[in-house]
Amino acid sequence: MRLLFLVVVGFYGVFVVEAGRKWVDQGVEIEVLYEPSNCTYRSQMKDMLTTDYIGKFPDGKKFDSTYDRKEAMTYIMGQGDVIKGCEIGTMKMCKGEKRYLVIPPNLAYGSTQYGQIPPNSTLTFEIVLTDLQEDPFRAFDP
């Protein structure tokens with residue numbers, strides 16, 4: 001049985017998340033590959049996310065992997081620590097959830113070459129949210 005979750009995303013709108021579901025948010029193609037059944041909290045702006053991922057070009061050639069480096073990526077949502085497409089693609093994600101993202105160039109590195117990533121590259125990521133820490137100051141926000 002598939003479970004549906006209605007998620008109100010304030011600034012980003014409203015969408016439904018379902019294990020195996022695909023949708024597009026602001027140009028980022030998102031597919032839920034795995035979603036834990038006991039999700040009690042979803043990532044929001046200012047939360048600290050820790051992820052493992054494999055980054056590839058659409059032809060399947062890998063350009064980056066936290067697994068290869070043996071070091072997860074930790075960032076604070078909304079602070080520009082990662083490309084915009086990754087922030088969009090990991091919004092409202094549960095700890096333990098796995099997603100597949102297709103990120104267009106304008107939400108990645110645009111017309112700038114970044115390491116081995118050529119300008120105007122579409123990027124794909126298989127990403128797992130391994131840890132999620134809620135913004136400790138959210139309770140004090142007006």
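The values are calculated or read from the model by the stated rules, or taken from the named source; none is laboratory data. Bear in mind the structure is a predicted one, so any value in this text is a computation, not a measurement. Because the Cβ atoms are built from the backbone with ideal geometry, glycine has one as well, and the counts that use them run over all protein chains shown.
The single condition from (1) at negative phi; (2) not in a strand (DSSP E or B) that residue 92 fails is (1). Among residues of the range 32-44 that are over 18 Å from residue 87 (Cα atoms) and of a type in the set (Ser, Thr, Tyr), those with a beta-carbon under 7 Å from a residue that is at pLDDT 95 or above and part of a loop (DSSP other than H, G, I, E, B) at least six positions away or on a different chain give the pairs 34/97.
The number of residues in the range 36-71 that are within 14 Å of residue 132 (Cα to Cα), in contact with a Lys or Arg (Cβ under 8 Å, 6 or more places away or on another chain) and assigned to a strand (DSSP E or B) comes to 1. For the range 39-48, the condition holds for at least one residue, the condition being that it is hydroxyl-bearing (Ser, Thr, Tyr), surrounded by fewer than 16 Cβ atoms within 10 Å (Cβ to Cβ) and more than 13 Å from the chain's Cα centre (by Cα). Per the listing 137, 57, 125, the residue uniquely out of contact with any strand residue (DSSP E or B) (no Cβ under 8 Å at 6 or more places or on another chain), among the hydrophobic types (A, V, I, L, M, F, W, C) and in contact (Cβ under 8 Å) with a residue 60 or more places away in the chain is 137.
Candidates are the residues of the range 96-122 that are under 21 Å from residue 24 (Cα atoms) and without any contact (Cβ under 8 Å) to a residue 60 or more places away in the chain; the one that is farthest from the chain's Cα centre (by Cα) is 120.
A single member of 56, 70 is modelled with pLDDT of 95 or more and loosely packed, with under 15 Cβ neighbours inside 10 Å, and it is 70.
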